[in-house]
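Chemist: Sharing a structure with you now.
The values are calculated or read from the model by the stated rules, or taken from the named source; none is laboratory data. Computed from a predicted structure; not experimentally measured. Cβ atoms come from the backbone with ideal geometry, glycine included; neighbour counts cover every protein chain shown.
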Amino acid sequence: MTDEQSPSQPQDAGPQPIPPAGGPDMDLGGYLSAAWSLVTGDFVLFVIGYLVVAAILGVSVLTVIGPLIIGGPLWFGYFRVVQTRLKGEPASIGDVFQGFRDFGKGFLTFLLLALIVLGVVVVQMLLSLIPVLGILLTLCVSLVVGPMFFFVMPIAALSDVSPTDAISRSVKFCFANFWKMVLLSLVLGLIAMAGSLVCGIGALFTVPLAIVATVAAYNEYYLPKTQDAV
């Protein structure tokens with residue numbers, strides 16, 4: 001998979017500015033509809049595939065650093081399975097391991113995101129020490145950070161963009177389309193977490209649903225505005 005260049009651009013052109021307008025408008029309902037159809041139509045692949053990833057990561061917790069090492073490649077594989085099926089091509093549960101072909105990239109992407117999350121947690125802990133206002137500021141941080149890094153994993157997993165560039169592009173896209181990204185991130189995040197309310201079992205369905213919707217949004221909302229390649 002390679003970054004595609006517009007015919008009017010030289011091959012060595014750098015990343016293009018993220019436009020706040022142009023391209024398709026966000027269609028949250030459309031992404032969720034596509035995700036629902038795909039997950040319910042290929043239930044075993046997406047649910048068992050997610051269960052395999054979650055189980056391996058769960059066991060790797062025993063090594064403390066295991067999830068940090070293999071988390072990225074596993075999620076790369078899962079996102080690529082989703083992308084393959086969204087293209088109408090066949091995929092199998094075993095394909096979740098294809099992310100290990102890009103082990104270094106997957107590892108670095110996951111590591112950088114983990115460090116960002118750690119930094120955010122530290123900031124939120126410090127803000128929570130402020131009476132009353134601290135709670136509000138903590139919530140504001142969450143509402144901003146989620147959208148900023150929402151597309152990092154699909155950008156990194158589904159194109160030749162480096163982990164650092166994936167982060168940069170996701171952040172730029174967020175601030176160019178801020179409120180829509182807040183809505184997209186918030187709704188899909190709530191859907192992913194909703195399954196945990198049913199003894200955690202529901203997450204086996206809601207997390208794949210949210211991930212598929214994320215990749216659909218990447219294809220139909222992010223890519224047309226940025227000219228990144230799938």
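Chemist: Checking the conditions here, which among 123, 144, 161 is among the aliphatic types (A, V, I, L, M) and either closer than 16 Å to residue 105 by Cβ or touching a Ser or Thr at 6+ places or on another chain (Cβ under 6 Å) (or both)?
Modeler: 161
Chemist: Now a separate question. Go through the residues of region 124-134 one by one and say whether even a single one is in contact (Cβ under 8 Å) with a residue 40 or more places away in the chain and assigned to a loop (DSSP other than H, G, I, E, B).
Modeler: No: zero hits.
Chemist: Could you run through region 204-228 and say how many residues are without any contact (Cβ under 8 Å) to a residue 60 or more places away in the chain and either touching a Gly at 6+ places or on another chain (Cβ under 7 Å) or under 14 Å from residue 34 (Cα atoms) (or both)?
Modeler: Residues in region 204-228 being without any contact (Cβ under 8 Å) to a residue 60 or more places away in the chain and either touching a Gly at 6+ places or on another chain (Cβ under 7 Å) or under 14 Å from residue 34 (Cα atoms) (or both): 1 in total.
Chemist: Can you name every residue in region 88-123 that is over 19 Å from residue 161 (Cβ atoms), of a type in the set (D, E, K, R) and touching a residue at least 12 places away in the same chain (Cβ under 8 Å)?
Modeler: Once the filter is applied, which keeps residues that are over 19 Å from residue 161 (Cβ atoms), of a type in the set (D, E, K, R) and touching a residue at least 12 places away in the same chain (Cβ under 8 Å), region 88-123 yields only 95.
Chemist: Mind listing whichever residues of region 22-68 are of a type outside the set (A, V, I, L, M), assigned to a helix (DSSP H, G or I) and crowded, with 17+ Cβ neighbours inside 10 Å?
Modeler: Answer for region 22-68, where residues must be of a type outside the set (A, V, I, L, M), assigned to a helix (DSSP H, G or I) and crowded, with 17+ Cβ neighbours inside 10 Å: 31, 46, 49, 50, 60, 67.
Chemist: For region 88-107, what are the residues that are surrounded by fewer than 19 Cβ atoms within 10 Å (Cβ to Cβ), within 20 Å of the chain's Cα centre (by Cα) and not in a helix (DSSP H, G or I)?
Modeler: Matches in region 88-107: none.
Chemist: One residue is enough: does region 139-152 have a residue meeting the conditions of a type in the set (Ser, Thr, Tyr), in a helix (DSSP H, G or I) and buried (at least 16 other Cβ atoms within 10 Å of the Cβ)?
Modeler: no
Per-residue answers, yes or no, for (1) under 16 Å from the mean Cα position of the chain (by Cα); (2) farther than 29 Å from residue 82 by Cα; (3) aliphatic (A, V, I, L, M); (4) modelled with pLDDT under 95:
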residue: 109; (1), (2), (3), (4): yes, no, no, no
residue: 118; (1), (2), (3), (4): no, no, yes, no
residue: 125; (1), (2), (3), (4): no, yes, yes, yes
residue: 138; (1), (2), (3), (4): no, yes, no, yes
residue: 145; (1), (2), (3), (4): yes, no, yes, no
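Chemist: How many of the residues in region 73-87 are in a helix (DSSP H, G or I) and either surrounded by fewer than 12 Cβ atoms within 10 Å (Cβ to Cβ) or touching a residue at least 40 places away in the same chain (Cβ under 8 Å) (or both)?
Modeler: Of the residues in that region, 9 qualify.
Chemist: Right, here's the next one. Could you check region 161-194 and list, in sequence order, the residues that are among the β-branched types (Val, Ile, Thr), assigned to a helix (DSSP H, G or I) and either surrounded by 14 or more Cβ atoms within 10 Å (Cβ to Cβ) or at positive phi (or both)?
Modeler: Scanning region 161-194 gives 167, 171, 182, 187, 191.
Chemist: Among all residue pairs at least 6 apart or on different chains, which show Cβ distances below 7 Å where the first residue, located in region 15-36, is within 14 Å of residue 211 (Cα to Cα) and at pLDDT 90 or above and the second is buried (at least 16 other Cβ atoms within 10 Å of the Cβ) and of a type in the set (Ser, Thr, Tyr)?
Modeler: Every condition considered, no pair remains.
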